[in-house]
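Chemist: Dumping the structure here so I can ask a few things about it.
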Amino acid sequence: MNHLAHFHLAWPERELLAGALEGDYCKGPLGSEIPAGLARGVRLHRLVDAYTDQHPDLALVRRAFPPGLRRYAGILLDLCFDHYLSLHWQEFAELPLPDFNEQVLTALEEEQQLLGAPSRRAAQRFRQYRVLTRYQDWAMVTASAARVGERLRRPNPLHDVDSALVPLRPLIEDAFLDFYPQLNRHVGEWRKATGDRIVNASH
């Protein structure tokens, strides 16, 4: 899952929101030096990623990708799922997406002492470029893929994925609409089992 979905699934606890971002950069065992609330947020981030990566229905979708892109299908699905979460936002959240974006960014800014330098820089980019609200535009998916590809190798394997993704878009949207409620329930069960104050992760 990409940023918007991770934040949605962590909402509204601030430490979980911080962990949703820090989980992109915090690798390896979580030591005692990490605040307990932040560590729980990183664990939630990892739970979401593991559930997504291991889901059999998404494995079938990844196999539908062209052979040259199949090894990057997980990355591309994450980006596409933020797009479809944006388009279907009202089915999964009560706050309008612009309000959600503002409240998440404010929470990250107010809890920045929990974040490492890479996470703080990412939060600044989210604010500067309005990242969380721009995934409604399909062009954001392809542009983000190209930026990710710059970090992978030369030549960039994701510099122009639009023509490959367009035929897959109905399949990916259907997969998202079937999968995301399952993920939401899985996260809700985990949050309840770990003593979360907020049982329903949808709101």
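Chemist: Give the accessible surface of the chain per residue, rounded to a whole number of Å², with probe radius 1.4 Å and ligands, DNA and RNA excluded.
Modeler: 49
Chemist: What distance in nm lies between label points placed 7 Å from Cα along the C-beta direction at residue 150 and residue 94?
Modeler: So the two model labels end up 4.0 nm from each other.
Chemist: Please state the shape class of segment 113-164: rounded when a/c is under 1.5, otherwise prolate if a/b exceeds b/c and oblate if not, all from the C-alpha gyration tensor.
Modeler: It comes out oblate by the Cα gyration axes.
Chemist: ³J(HN,Hα) across segment 41-53 via Karplus (A = 6.51, B = -1.76, C = 1.60, θ = phi - 60°), whole Hz, x for Gly/Pro?
Modeler: Each residue of segment 41-53 in turn: x, 5, 4, 5, 4, 5, 4, 4, 5, 5, 4, 5, 5 Hz.
Chemist: Contour minus end-to-end for residue 143 and residue 129, with contour as 0.36 nm per residue of separation and end-to-end as the Cα-Cα distance?
Modeler: Contour length minus the Cα-Cα distance gives 3.7 nm.
Chemist: Sort all Cα-Cα distances of segment 40-148 into consecutive 5 angstrom bins from zero, then give the percent of pairs in each bin up to the one containing the longest distance.
Modeler: Going out from 0 Å in 5 Å bins, segment 40-148 shows 2, 10, 15, 20, 24, 17, 8, 3, 0 percent.
Chemist: While we're here: Quick check on the chain: helices-only [θ] at 222 nm, where DSSP H runs of length 4 and up contribute -39,500 (n - 2.57) each and the sum goes over total residues. Nearest 500, please.
Modeler: -20500 deg cm²/dmol
Chemist: Computed on alpha carbon atoms, what radius of gyration and Dmax characterise the chain, expressed in Å?
Modeler: Over the chain's Cα set, Rg and Dmax evaluate to 16.4, 47 Å.
Chemist: Next question. Give me the one-decimal nm value for the distance between modelled label points at residue 136 and residue 30, 7 Å along each residue's Cα-to-Cβ direction.
Modeler: Each label point is offset 7 Å from its Cα along the Cβ direction, giving 3.3 nm.
Chemist: I would also like to ask the following. Share of segment 119-178's accessible area from carbon and sulfur, percent, 1.4 Å?
Modeler: That fraction is 48 percent.
Chemist: Kirkwood hydrodynamic radius, computed over distinct alpha-carbon pairs, for segment 14-56: how many Å, to one decimal?
Modeler: 10.4
The values are calculated or read from the model by the stated rules, or taken from the named source; none is laboratory data. Everything numeric in this text was worked out from a predicted model, so none of it was measured. Please note: Cβ atoms are built from the backbone with ideal geometry, for glycine as well, and neighbour counts cover all protein chains shown. Accessible surface is based on the protein model in full, side chains and every heavy atom, while ligands, DNA and RNA are left aside. Shrake-Rupley method; radii C 1.70, N 1.55, O 1.52, S 1.80 Å.
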